[in-house]
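Colleague: Just passing along the structure, written as structure tokens.
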Amino acid sequence: MEKVFLDYTQQIKILVDDKNLNISDLKYAREMLGRYGYYSLINGYKNEFKDPITTKYRSNVCFEDIVALYEFDENLRALFLRYIQKIERQMKEYLSFYFCEKYGEKQEGYLRADHYNYINKNRRDIDKLIRILQRYTEGHTDYRYINHAVLNYGNVPLWIVMNALTFGNISKFYSLVRYDIQAKISINYEGVNEGQIAKIMIVLTGFRNVCAHGERLYCYRTKQAIPDLPLHEKMRIPKFGQEYACGKHDLFAVVIAMRYLLPNDWFLVFKRELIKTISRYLKKTSCFTEAEVLRFMGFPENWKTITRYRKRKAV
């Protein structure tokens with residue numbers, strides 16, 4: 001059926017008359033539709049509330065339940081983005097530090113293809129990365145600190161350029177540098193090697209983009225997976241065949257990644273905030289049990305035990 005424009009009154013009428021959604025406060029419903037938009041709010045969060053046979057809302061579902069799930073997801077996005085950015089900041093520091101330790105502070109160091117792992121399968125990606133980096137060394141950017149370095153010194157050290165790179169850029173940068181630099185970086189992350197970190201960064205890039213672009217996070221799944229890690233086994237996560245049932249493509253995979261890539265004190269604060277976020281949502285809804293919410297997110301029921309298995313060593 002072709003989509004046509006509907007005003008807020010018409011949108012509410014369809015939800016009530018055609019979709020069987022309980023709306024007792026019409027003013028509130030109109031305000032929320034104006035605030036979040038029908039497509040983002042209703043189309044984005046309706047599936048968990050519908051009867052799969054009739055495709056109508058279950059009889060106990062009200063408009064406020066959909067808003068509560070939307071706002072829960074919004075809070076999740078803010079929380080996960082904040083800590084993914086901490087991982088990003090630390091990885092940028094390690095990349096610039098160890099790369100410059102080996103190749104120096106001149107921009108020519110990171111603009112040379114032979115300073116990366118320039119094998120056949122990497123050449124196109126390395127050439128593309130260097131083109132991105134080259135643009136920052138030419139000035140006329142949106143970043144005053146880069147323009148200042150170009151104008152006054154004719155050189156933009158890597159630790160300055162790093163500030164302007166996206167998470168996707170640094171994920172690619174890490175995967176393309178030589179193995180000795182990857183190995184030095186991986187020493188700072190107990191329990192994961194350089195190859196595992198590269199795979200984790202790819203997955204985090206996808207989740208970071210979901211958070212930043214306001215997409216649905218709580219039930220998001222990536223095509224890429226984080227590698228099998230000791231925590232999967234130690235938490236006794238069940239398997240479907242050879243694949244772990246959760247903690248690979250889902251939001252819990254990000255929690256596992258954070259357990260390895262965040263310093264211990266940061267992770268513990270993140271975990272406390274996550275527990276509170278889930279708890280607050282459960283108090284607002286009677287539609288789902290805690291087990292159901294965890295299943296939507298890809299969390300095992302024992303997910304809180306994740307902190308038992310590893311202590312950070314001083315670097």
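The values are calculated or read from the model by the stated rules, or taken from the named source; none is laboratory data. It should be emphasised that the depicted structure is a prediction, and the values quoted were computed from it without experimental measurement. Neighbour counts are summed over all protein chains in view; Cβ atoms, including those assigned to glycine, are modelled from backbone coordinates with ideal geometry. We work out accessible area using only protein heavy atoms, side chains counted, and drop any ligands, DNA or RNA first. Shrake-Rupley method; radii C 1.70, N 1.55, O 1.52, S 1.80 Å.
Colleague: To the nearest 20 debye, what charge dipole does region 213-285 have about its Cα centre, counting +1 at the Cβ of each Lys and Arg and -1 at the Cβ of each Asp and Glu?
Modeller: I would put it at about 360 debye.
Colleague: Would you mind giving the three semi-axes, in whole Å and largest first, of the ellipsoid equivalent to region 198-315 according to its Cα gyration tensor? Please report the intermediate quantities before stating the final value.
Modeller: Numbers: eigenvalues 89, 61, 53 Å².
Gyration-tensor ellipsoid for region 198-315: 21, 17, 16 Å.
Colleague: Once both labels are modelled 7 Å past Cα along the beta-carbon direction, what's the ARG221-LYS283 spacing in nm?
Modeller: Taking the two extended label points, one gets 3.2 nm.
Colleague: Between 0 and 90 degrees, rounded to the nearest ten: what's the tilt of helix 26-36 against the longest Cα principal axis of the chain?
Modeller: With rounding to tens, the tilt is 20 degrees.
Colleague: Roughly what would the spin-label model give for GLU108 and ARG295, points 7 Å off Cα along C-beta, in nm?
Modeller: The answer from the label model is 6.3 nm.
Colleague: Just the number, please: carbon plus sulfur as a percent of the accessible area of the chain, 1.4 Å probe, no ligands or DNA/RNA counted.
Modeller: Using a 1.4 Å probe with all protein chains present, the chain comes out at 50 percent carbon and sulfur.
Colleague: Once you list every other residue whose beta carbon is under 13 Å from the beta carbon of ILE87, what net charge do they have if Lys and Arg are +1 and Asp and Glu are -1? Show your work: numbers first, answer last.
Modeller: Numbers: positive: ARG82, LYS86, ARG89, LYS92, ARG208, ARG259; negative: GLU88, GLU93.
In short, +4.
Colleague: State the label only: which of (i) 41, 22, 18; (ii) 42, 25, 17; (iii) 52, 21, 17 corresponds to semi-axes √(5λ) of the Cα gyration tensor in Å computed from the shown model?
Modeller: It is the value labelled (ii).
Colleague: Ordering HIS140, HIS249, HIS115 from largest to smallest accessible area (1.4 angstrom probe), what's the sequence?
Modeller: HIS140, HIS249, HIS115
Colleague: Between GLU138 and GLU31, what is the label-to-label distance in nm when each label sits 7 Å out along the Cα-to-Cβ direction?
Modeller: The two pseudo-label positions are separated by 5.1 nm.
Colleague: To the nearest 0.05, how large is the calculated FRET efficiency for TRP159 and LYS304 if R₀ is 35 Å and r is the Cβ-Cβ distance?
Modeller: E between TRP159 and LYS304, to the nearest 0.05, is 0.40.
Colleague: Can you figure out the FRET efficiency of ILE23 with LYS239, using R₀ = 51 Å and their beta-carbon distance, to the nearest 0.05?
Modeller: Details: r = 43 Å, r/R0 = 0.85.
In this case the efficiency is close to 0.75.
Colleague: Something else: Hey, which lysines would be in cross-link range of LYS248, C-alpha to C-alpha under 16 Å, not counting anything within fewer than 8 residues on its own chain?
Modeller: Within the straight-line cut-off, LYS248 pairs with LYS199, LYS223, LYS234, LYS239.
Colleague: Per residue, how much accessible surface does region 131-242 expose to a 1.4 Å probe? Answer in Å², no decimals.
Modeller: Accessible area per residue, region 131-242: 53 Å².
Colleague: Mind checking which lysines have their Cα closer than 29 Å to the Cα of LYS27? Skip sequence neighbours fewer than 8 apart in that chain.
Modeller: By straight Cα distance, LYS27 reaches LYS3, LYS13, LYS19, LYS46, LYS50, LYS56, LYS283, LYS284.
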